[in-house]
Amino acid sequence: MNDLSFAVPFWVWGAVTVGIGVMLAVDLIAHRDNHVIGFREAAIWSGIWIAMGLGFGVILLFWQGGEVSSTYYAGYLIEKALSIDNVFVFALVFSFFAVPDAYQHKVLFWGVIGALAFRLVFIFIGAELLQLFFWTAYLFGAFLIWTGWKMAFSKDEEVHPDRNPVVRLVKKLIPTDPNFHGDKFFTHTNGRRVATLLFVVLVAIEATDLIFAVDSVAAVLAITTNTFLVWSANAFAVLGLRSLYFCLAGLLRRFQYLHYGLAVLLAFAGVKLILSETPVGKLPIPLTLGVIAATITVSVIWSLIATHNQPPASGTEGRPAGAGEGRAGGAGEPSAGPAPQQSAAGRSPCTKDSP
């Protein structure tokens with residue numbers, strides 16, 4: 001599989017990774033008091049993360065030229081678009097478990113660290129497979145096309161994050177208190193150390209993102225198998241995931257047609273990956289960028305026009321209805337609100353009710 005190849009010194013890998021760590025540390029320090037994040041603050045942070053992601057592309061432009069920079073932007077855009085689907089599921093998990101608003105950022109912070117780790121592993125494994133075995137391009141491509149079809153045409157399903165197999169396994173292996181205890185993941189009850197409900201929420205977030213990481217990484221690998229570009233595109237897109245959640249959580253119902261656009265992007269990535277191992281070869285990066293930008297724009301505008309008469313979401317602006325309430329029996333929090341029924345974007349990583 002022919003692809004962009006350029007030397008990336010070890011110190012560059014180290015500098016980018018350390019830079020990502022520094023940004024995570026700054027974000028953690030800025031929100032160490034567990035305050036409720038409003039729309040204005042989330043929008044400012046989102047602007048900062050997006051500016052950093054776009055700025056990195058400018059650095060690549062001066063360092064390696066336009067083709068490398070354009071390839072990075074294509075990967076960044078498709079990963080950023082797919083990350084909106086993560087926001088739908090975060091809203092579902094937080095609302096289902098009725099996570100208090102002040103603790104959501106902490107869960108997302110550690111969830112993002114897990115997401116970066118998952119993606120780093122998948123990137124190297126996926127890129128190596130594509131380089132060694134040409135037929136893996138057909139497998140990955142078919143997987144992306146199937147995922148896109150499922151996202152576009154699967155029927156609504158009632159989902160329950162607490163029935164996720166990973167969550168159920170953790171509950172069996174680790175003694176768990178079914179209540180919140182402030183922002184603690186672990187506490188002591190009756191003289192023994194137990195996991196809190198907030199830890200269960202974190203496990204649910206990590207388990208769902210593990211599934212998202214597979215098709216997200218595969219979609220970027222369809223654009224390039226250069227591990228440095230795939231990693232940087234994923235990392236800069238995922239870094240802003242927390243702020244994106246607090247920006248969009250109260251507006252999710254306005255994006256009811258976005259999943260069609262995401263489905264098209266996944267299917268396009270699959271076709272592009274398959275074509276790369278045929279006489280057609282890799283599609284030009286400008287064409288790829290154009291398809292990604294046009295698909296996102298059309299699906300967002302379509303959603304906003306179709307829902308412009310909808311009443312505003314219930315609950316506090318910038319947060320999903322039901323979030324901010326505590327589960328019954330928690331440390332002073334009121335009882336939980338109703339659980340949402342599905343991931344609005346169609347990629348449901350949780351198990352559904354048995355018939």
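Yes/no matrix, rows are residues, columns are (1) β-branched (Val, Ile, Thr); (2) within 14 Å of Ser83 (Cα to Cα):
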{"site": "Pro165", "(1), (2)": "no, no"}
{"site": "Leu169", "(1), (2)": "no, no"}
{"site": "His188", "(1), (2)": "no, no"}
{"site": "Arg193", "(1), (2)": "no, no"}
{"site": "Thr196", "(1), (2)": "yes, no"}
{"site": "Ile211", "(1), (2)": "yes, yes"}
{"site": "Asp215", "(1), (2)": "no, yes"}
{"site": "Ile223", "(1), (2)": "yes, no"}
{"site": "Leu229", "(1), (2)": "no, no"}
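Having 3 or more residues that are modelled with pLDDT of 85 or more and closer than 30 Å to Thr71 by Cβ is the bar; report the helices (runs of 4 or more DSSP H) wholly within the range 181-291 that clear it. Once the helices (runs of 4 or more DSSP H) in the range 181-291 are filtered for at least 3 residues that are modelled with pLDDT of 85 or more and closer than 30 Å to Thr71 by Cβ, what remains is 197-221, 227-239, 258-275.
One line per residue, one yes/no per condition, for (1) over 16 Å from the mean Cα position of the chain (by Cα); (2) in contact (Cβ under 8 Å) with a residue 40 or more places away in the chain; (3) in a helix (DSSP H, G or I):
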position: Ala91; (1), (2), (3): no, yes, yes
position: Val99; (1), (2), (3): yes, yes, no
position: Val112; (1), (2), (3): no, yes, yes
position: Phe124; (1), (2), (3): yes, yes, yes
position: Ala142; (1), (2), (3): yes, yes, yes
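Any idea which residue in the range 84-110 is nearest to Ile37 (Cα to Cα), counting only those that are of a type in the set (Val, Ile, Thr) and modelled with pLDDT under 80? Top of the filtered list is Val87.
Across the range 35-45, the number of residues qualifying as part of a helix (DSSP H, G or I) and closer than 13 Å to Leu108 by Cβ comes to 2. Of the residues Ala81, Ala117, the single one that is among the aliphatic types (A, V, I, L, M) and either crowded, with 16+ Cβ neighbours inside 10 Å or more than 18 Å from Asn226 (Cα to Cα) (or both) is Ala81. For Thr225, the stated conditions hold: it is in contact with an Asp or Glu (Cβ under 9 Å, 6 or more places away or on another chain), surrounded by 20 or more Cβ atoms within 10 Å (Cβ to Cβ), among the hydroxyl-bearing types (Ser, Thr, Tyr) and under 21 Å from Thr147 (Cα atoms). Can we say Tyr103 is in contact with an Asp or Glu (Cβ under 8 Å, 6 or more places away or on another chain) and of a type in the set (Ser, Thr, Tyr)? The answer is yes for Tyr103. Scan the range 323-337 and give yes if some residue there is at pLDDT 80 or above and either within 19 Å of Leu82 (Cα to Cα) or within 22 Å of the chain's Cα centre (by Cα) (or both), otherwise no. No, the range 323-337 contains no residue that is at pLDDT 80 or above and either within 19 Å of Leu82 (Cα to Cα) or within 22 Å of the chain's Cα centre (by Cα) (or both).
Residues checked against (1) modelled with pLDDT under 85; (2) farther than 27 Å from Leu210 by Cα; (3) assigned to a loop (DSSP other than H, G, I, E, B); (4) in contact with a His (Cβ under 9 Å, 6 or more places away or on another chain):
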{"residue": "Ala7", "(1), (2), (3), (4)": "yes, yes, yes, no"}
{"residue": "Val22", "(1), (2), (3), (4)": "no, no, no, no"}
{"residue": "Val26", "(1), (2), (3), (4)": "yes, no, no, no"}
{"residue": "Asp33", "(1), (2), (3), (4)": "yes, yes, yes, no"}
{"residue": "Ile48", "(1), (2), (3), (4)": "no, no, no, no"}
{"residue": "Ile59", "(1), (2), (3), (4)": "no, yes, no, no"}
{"residue": "Ile78", "(1), (2), (3), (4)": "no, no, no, no"}
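The values are calculated or read from the model by the stated rules, or taken from the named source; none is laboratory data. For clarity, every value in this text was computed on a predicted model and none was experimentally measured. All Cβ positions, glycine included, derive from the backbone under ideal geometry; neighbour counts span all protein chains shown.
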